[in-house]
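Scroll down for the structure; my scribbles are underneath it.
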Amino acid sequence: MKMNPFKAKQYATSKVYHTRPQEIGQQEEERPNIPEGIMTKCPKCGKAIYTKLLLANLKCCNECGHHFKASAKERFGMLLDDGELFEYDATCTTVNPLNFPGYEEKLAKTQAKTGLVDGIVTGKGKIEGQPAMVGVMDPAFFMGSMGTAIGEKLTRMFERATKEGLPVIVFTASGGARMQEGIFSLMQMAKVSAAVAKHSEAGLLYITVLTDPTTGGVTASFAMLGDIILAEPGALIGFAGPRVIEQTIGQKLPEGFQRAEFLLEHGFADQIVPRDQLKQTLGTILKLHQTAGGKKLQEEEEKSFQKEEAKSPKRGEAESFQMEEGKYSEKPKEKSSRDMEGKSSEKKVN
Amino acid sequence: MNITAWEKVKLARMAGRPTGLDYIELLFHDFFELHGDRFFAEDRAIVGGIAFFGELPVTVIAQQKGRNTKENIARNFSMPHPEGYRKALRLMKQAEKFHRPVICFVDTPGAFCGLGAEERGQGEAIATNLAEMMMLKTPIISVVISEGGSGGALALGVADKVYMLEHAVYSILSPEGFASILYKDSSKAEQAANDMKLTAQDLVQFGIIDGVIPEPRGGAHNNCRQMARNIKKTLEHDLKLLQQLSVDELLEKRYQKFRNM
Ligand SMILES: [Zn+2]
């Protein structure tokens, strides 16, 4: 029998959270990629920067322009209108499909530490007034490695976007496949690529933004399937990790190998976009894809978006709602995850 | 035959284990090899061409290990570069055009890791295969004959039916690589092989593959002809079933198969 790698009660819920630019870096002091203290040292130029200034500067070094890693929450704050995301599948998590020793403990610890359920946050938001499905991988969660939860959330997001006629934007940040979920992680590459292909076949736009680092199974699947591929300056992007290549060929890699600029040079990225121009750039690309038909779709979408907005719980209510989510699950046990998508969030919010 | 996961790994890698070309020779006739990706190069780690399977013209694609050291070097130990995957895709698109089923034999430690592979977009080549195979309007059957390593194997493994030979292994990474990442000790490969659940028996139980093709006593190398007959039986059975489906049914089933993993 096929085993279902998902916890029965962990199906789609919806919550709203706002992360405004000024909140970036707050409430997350424990996270390893968040600078602590008054000053932060830039790993690239070595200069000490006022942490406040760094955060105000979208976590880019004001001396050398180095882009620090950003969490999923921070990204939404930087990217979406009013920092507002209608999150999907917020509690979708894995069940240790290989029964790998120690994995559940490590997972629980990482969840507690990061406040994330797994390495990606997906949902719907607006960029310069235009609705889009957005998925952001978080490099702090198991180094952004992709297991069944990430694969499932991405697949659901693409299926939803195909149904609603919406563009998709994915920010990749990943060390590759999640080893602890073994062959199941590998299969997520095929699963997500399939959903991307269907979305593409429907004539819909998919943009990937490759951030530091994007490697392994993520590079070899949805990261490289965007109609338009953008990259952040200096991001490490490749299939094999640099250390593995060095071991294989027995020599040091040249300076700049597998960096965003290298990808552009070799024809695998459309543009390198600095973080402070990213929102505007994505807004422009979205606008360029509003053909007559697309526009009509978008107007309808606008309406459903407003409806959803009205129904969604206010901030603060989100927490208590989430705690009750077990009650709302409708016999998801043997059901394929597909059956759960779509209406689930709107319904449950009522 | 009851052997451990680690013994299977060793058996799958053993010199003398039949390779893709051995099966091509025994299963098909009039095999006509096609070379090159039309963009950059011919990658000999992947063999591809057209042949008759009984009366039926098919496209055959195989990751090919060398049968001796010299051939292994020429074939890069069956570790393809991007152009290998692009050649495979070219042949699959050609199969679609001429309504030929595609048969893939998977046998690779993984896609090659090197400077050229990165420069020419190893990730992009594999990703494109995954997406394109999912939408290919002709039946695809994939058989993992020995080693199915990582994304480099999956790039020929998105199929309507996926089989493994009884002692083949299929995994996210080599047990050695897995051990060095998770146990910080590559000598714990044996333990890794066990924890990773990479045998055909594990994968069929997970629903990742559709079936296990039995090997002759002691392994495929003991009786390559018998092994080929066993594969032939499976291919005949499935091709018949798959050819009865409309293109829409075929693609929907293929999508759902991977969707539920
Ligand atoms: Zn700096």
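The values are calculated or read from the model by the stated rules, or taken from the named source; none is laboratory data. The model shown is predicted, which means the values in this text are computed figures rather than measured ones. Heads up, the Cβs are rebuilt from the backbone with ideal geometry, glycines too, and the neighbour counts pull from every protein chain shown. In case anyone asks, the SASA skips ligands and DNA or RNA and just uses the protein heavy atoms, side chains included. Shrake-Rupley method; radii C 1.70, N 1.55, O 1.52, S 1.80 Å.
Of the chymotrypsin sites (Phe, Trp or Tyr not before Pro) found in segment B:1-53, the ones in coil according to DSSP and having at most 13 other Cβ atoms within 10 Å of their Cβ are B:Phe39.
Mean projection of the Cα convex hull over all viewing directions, computed for segment B:119-194: 6.3 nm².
In sequence order, segment A:204-210 has phi-based couplings of 9, 7, 10, 10, 10, 10, 8 Hz under the Karplus curve 6.51 cos²θ - 1.76 cosθ + 1.60, θ = phi - 60°, and Gly or Pro positions carry x. Its residues counted as N, chain B yields a C-alpha radius of gyration over 2.2 N^0.38 Å of 0.94.
Altogether, the Stokes-Einstein calculation at 4 °C and 1.567 mPa s, with the Kirkwood radius of segment B:133-240 over Cα pairs as Rh, returns a diffusion coefficient of 87 µm²/s. The A:Gln280 and B:Lys253 beta-carbon pair, evaluated with R₀ = 51 Å, returns a calculated FRET efficiency of approximately 0.75. In this view, the solvent-accessible surface of A:Ser200, computed with a 1.4 Å probe and all protein chains in place, comes to about 60 Å². Normalised radius of gyration (Cα atoms, divided by 2.2 N^0.38 Å) for segment B:31-108: 1.07. The accessible-area ordering, largest first, of the residues A:Asp82, B:Asp43 stands as A:Asp82, B:Asp43, per a 1.4 angstrom probe.
Magnitude of the Cβ-charge dipole of segment A:76-296, K/R +1 and D/E -1, about the Cα centre, nearest 20 debye? In total the dipole reaches around 320 debye. The base-10 log of I(q)/I(0) for segment A:76-296, evaluated at q = 0.11, 0.18 Å⁻¹, reads -0.53, -1.36 [Debye formula, identical scatterers on Cα atoms, solvent excluded].
Taken as Cα centroids, segment B:5-52 and segment A:175-252 sit 27 Å apart, rounded to the nearest whole angstrom. Lysine pair count for segment B:45-193 (Cα-Cα distance under 24 Å; residues 8 or more apart in sequence or on different chains): 11. Between B:Glu55 and B:Gln243, the simple label model (points 7 Å from Cα in the Cβ direction) yields a spacing of 0.8 nm. Restricting segment B:193-261 to trypsin sites (Lys or Arg not before Pro) that sit in a DSSP loop and have at most 15 other Cβ atoms within 10 Å of their own Cβ leaves B:Arg217. In this rough spin-label picture, where each label sits 7 Å from Cα along the Cβ direction, the A:Lys52-B:Arg13 distance is 5.7 nm.
Estimate the FRET efficiency between A:Glu201 and A:Lys287 by the formula 1/(1 + (r/R0)^6), using the beta-carbon distance for r and 25 Å for R0, to the nearest 0.05. Working from the Cβ atoms, E equals 0.60. For A:Thr91, the amide hydrogen comes within under 5 Å of the amide hydrogens of A:Thr13, counting only partners 5 or more places away or on other chains and with H modelled in the peptide plane.
Spatially, segment A:53-126 and segment B:120-187 are offset by 28 Å when compared through their Cα centroids. With each label modelled as a point 7 angstrom along the Cα→C-beta vector, the B:Phe40-A:Met39 pair spans 4.6 nm.
For segment A:53-93, the fraction of C-alpha pairs farther apart than 15 angstrom is 51 percent. For segment B:34-71, backbone nitrogen atoms closer than 11 Å to the point 7 Å from B:Glu25 Cα along Cα-to-C-beta are found at B:67.
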